[in-house]
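**Q** Pasting a structure below so you can have a look.
Since every read-out is calculated from the coordinates, none of them should be taken as a lab result. Just so we're clear, the structure is a prediction, and the values are computed from it rather than from any experiment. Because the Cβ atoms are built from the backbone with ideal geometry, glycine has one as well, and the counts that use them run over all protein chains shown.
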Amino acid sequence: MAKRKRIKPIWKFIFVILLVGITLIYGYIVDHNKNSNKDDNDSNIIEKITKKKEVKKKVNLTLIGDIMFEGLYLDSINQGDDPNTYLSMVGDKYFKKDDITIGNLETTITDNNNLKVNGYGYEFCTPQNIIQGLNNNSIDVLGTTNNHSTDRGIDGINNTIDYLKNNTNIMSVGSYKSKEDRANFRIKEINGVKVGFIAYALGMNDFGKYITNEESWRLGLYRNPPSYNVISEENKELMRKEIRALRKECDVLVAIMHWGQEFHFEEREVDQHALSKLLNEEKVDVVLGSHSHCMQPIEWYTSDDGYKTLVFYSLGNFTSADDNLDGRAGPDYVKAYQIALLANLDIELNDNKVTFNKITTEPIINYFNKDKKDFRMIPLSMYNDTYETNHYMYNTGLNKTYINNLYTRIIPEEFR
């Protein structure tokens, strides 16, 4: 029987040492991998947090001017034109793709009972189905203080507010049913950005007939009668107070201003410049101007502490339909009356700082054919030869050359 060899003590010692060494090395490798993975995980967490902090809040705004529904257009609707078609081309290109579309509603809204519909004689009251055309084409915010706010008296103011609130997705600002209503902030939150709205106007066509000084809270106004050329110090202080209160609650602040002088391509010092300075000092970000019925320049205002405000003195008419303007307008303005200016703004909010990433504008032509039908708002980029030559006012000189020349003459290059 073979004998089993005995392991000498020295080899036992060596074997134990090797076993311990292997165990230690294995433990080190495992522990190192754990720590390495932990470091990687920690790095991933830090990277995710950093990326989360770097996510920037953005909002896209479209600005348009005066929305009026005049007699020619109302007649076309009565003859079968679809009120949704009027805005569909510009709605599809801009309104339905942006975050918020903002304009000025220069008409009251009928109650289908006591408030008589009208689009002639510069006294406006619009049927409800036409207002639904605005809603269906994704207009979101409308200023409702302007010189036509009282075309149907106090009832017109109240019904306009009520109809927009109860029957559309459109927020109104600038006219109010009570002092408490006026104190409620108009804010829309989109993509985590709170956009606030406030609106003021130079007054009403029938100043004092329906609204006394004691009831001036019904409309946002920057002057008292009788002069259009004097900004009321009392109203200026009220504006500052209201703007400061709203400024604390929003990230981006838009002021809708109905100001200046009709049928003038240039802004005026007495109210447009003076109020732009005030709005800039109160840290308004965007000023949407209207009332001139034609486009006016765009300008930056910068306060002493470096705050920048983008001022559109006037975007002109948006919807309009007057082929026979009275003596206030010469031949140039008769054509310009049919041309709207649309602005689209990409705004970014980062660390509570507002940045304008991209600013674009485009003329929009108010088209109606030689039979005064088929009303359409057509972006210049889509205004083909057929539309151009079939416009009711083509023979007056309203053509693409005139539109482009007006646009490049009035609007600074950086905004075209």
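**Q** Roughly what % of Cα-Cα distances in the stretch 154-222 sit above 13 Å, to the whole percent? It would help to have the intermediate numbers written out before the result.
**A** Values: 1610 of 2346 pairs.
Summing the P(r) tail past 13 Å for the stretch 154-222 gives 69 percent.
**Q** Separate question: Once Rh for the stretch 58-198 is found with the Kirkwood sum over Cα pairs, what is the Stokes-Einstein diffusion coefficient at 10 °C and 1.306 mPa s, in µm²/s? Mind showing how you got there, number by number?
**A** Details: Rh = 15.5 Å.
It diffuses with D of about 102 µm²/s by this estimate.
**Q** Another question about this same structure. Using the Cα gyration tensor of the stretch 125-263, with a ≥ b ≥ c the square roots of its eigenvalues, what is the shape: rounded (a/c below 1.5), prolate (a/b larger than b/c) or oblate (neither)?
**A** Values: a/c = 1.75, a/b = 1.14, b/c = 1.54.
Verdict is oblate for the stretch 125-263.
**Q** Any chance you could check the Cα centroid distance between the stretch 251-327 and the stretch 338-416 for me, in angstrom?
**A** Each part's Cα centre sits 17 Å from the other's.
**Q** Grab the other residues whose beta carbon is less than 15 angstrom from that of LYS372, score K and R as +1, D and E as -1, and report the net.
**A** Values: positive: LYS370, LYS373, ARG376; negative: GLU70, ASP75, ASP81, ASP322, ASP323, ASP371, ASP374.
Result for the neighbourhood of LYS372: -4.
**Q** Then there is this: What ranking of ILE256, ILE364 emerges when the number of other C-beta atoms within 10 Å of each C-beta is taken as an exposure proxy, fewest first? Please report the intermediate quantities before stating the final value.
**A** Details: ILE256 29, ILE364 32.
Fewest-to-most Cβ neighbours within 10 Å comes out as ILE256, ILE364.
**Q** Now for a different question. Of ILE378, LEU349, THR360, which is farthest along the charge dipole of the stretch 326-388 in the positive direction, counting Lys and Arg as +1 and Asp and Glu as -1 at C-beta?
**A** ILE378
**Q** What distance in nm separates the two pseudo spin-label positions at ARG240 and ASN352, each 7 Å out from Cα along the beta-carbon direction?
**A** The two pseudo-label positions are separated by 2.2 nm.
**Q** Another one. For the stretch 57-415, what log10 I(q)/I(0) values come out of the Debye formula at q = 0.07, 0.14 1/Å, with one point per alpha carbon and no solvent?
**A** With one equal scatterer per Cα and no solvent, log10 I(q)/I(0) is -0.26, -1.17.
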